Amino acid sequence: MYGLVNKAIQDMVCNRFGEETWKQIKQKAEVEEDIFISMEGYPDDLTHKLVKAASVVLGLSSSKIMEAFGEFWVEYTAQEGYGEMLDMSGDTLPDFLENLDNLHARVGISFPKLTPPSFECSEMKEDSLSLHYRSTREGLTPMIVGLVKGLGARFDTEVDVTQTQSRDDGDDHDEFLVKYKPN
């Protein structure tokens, strides 16, 4: 994963729990890096070690940490210079979700080694849709719940996300029922 992800994890922990907690997490994860370079690639394992260590240090499940990270990621990327790209990806939550693959294609210009997930919307109704998530990476599914919640906040939309299909249960991809209501 690119350093931007690890940098965001660091910022989330430092903002919510303090610098000392981050140092404990790094030590527990046996991560030596003091600074993550946004545009540099890092092994996926490093990110997973940070999440596992955060789970132990914070006393939260890895799923809860990944969900919180997903929410944080939406605001973080907007502040890190990707706000305009986010703005161009849709004016409403359903529009944005439909354009996630296009957004990743644009991001891929800056991050040429990006291996993005794929998203597809189906069963679109006035107040709900099914969001299909496909990824070659393991362990990131809880992040999708957080991302959708973070996007709900971005679009001032009340959102409820329920996973309806899981690769962990043998399905070929993950699927979520997203119910939404603009405020």
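The values are calculated or read from the model by the stated rules, or taken from the named source; none is laboratory data. What you are looking at is a predicted structure, and each value in this text was computed from that prediction instead of being measured. To get the accessible areas, we keep the full protein, side chains included, count just its heavy atoms, and leave off ligands, DNA and RNA. Shrake-Rupley method; radii C 1.70, N 1.55, O 1.52, S 1.80 Å.
Averaged per residue, region 94-151 has 50 square angstrom of accessible surface, using a 1.4 angstrom probe with ligands and nucleic acids left out. For region 131-183, relative contact order (Cα pairs under 8 Å, six or more residues apart, normalised by length) works out to 40 percent.
Using C-alpha pairs under 8 Å with a sequence gap of at least 6, the mean separation divided by the residue count of the chain gives a relative contact order of 19 percent. The spacing between region 1-41 and region 51-125, judged by their C-alpha centroids, is 18 Å. When the chain is treated as a Gaussian network with alpha carbon springs shorter than 10 Å, the biggest mean-square fluctuation among 146, 108, 90 belongs to 108.
At a threshold of 8 angstrom on Cα-Cα distance, excluding pairs fewer than six apart, so keeping six or more, what relative contact order does region 25-100 reach in percent?
Here the relative contact order equals 19 percent.
Using a/c under 1.5 as the rounded threshold, could you call region 90-183 rounded, prolate or oblate? The axes a ≥ b ≥ c are square roots of the C-alpha gyration tensor eigenvalues, and prolate needs a/b larger than b/c, oblate otherwise. Oblate shape, in that a/c is at least 1.5 and b/c is the bigger or equal ratio.
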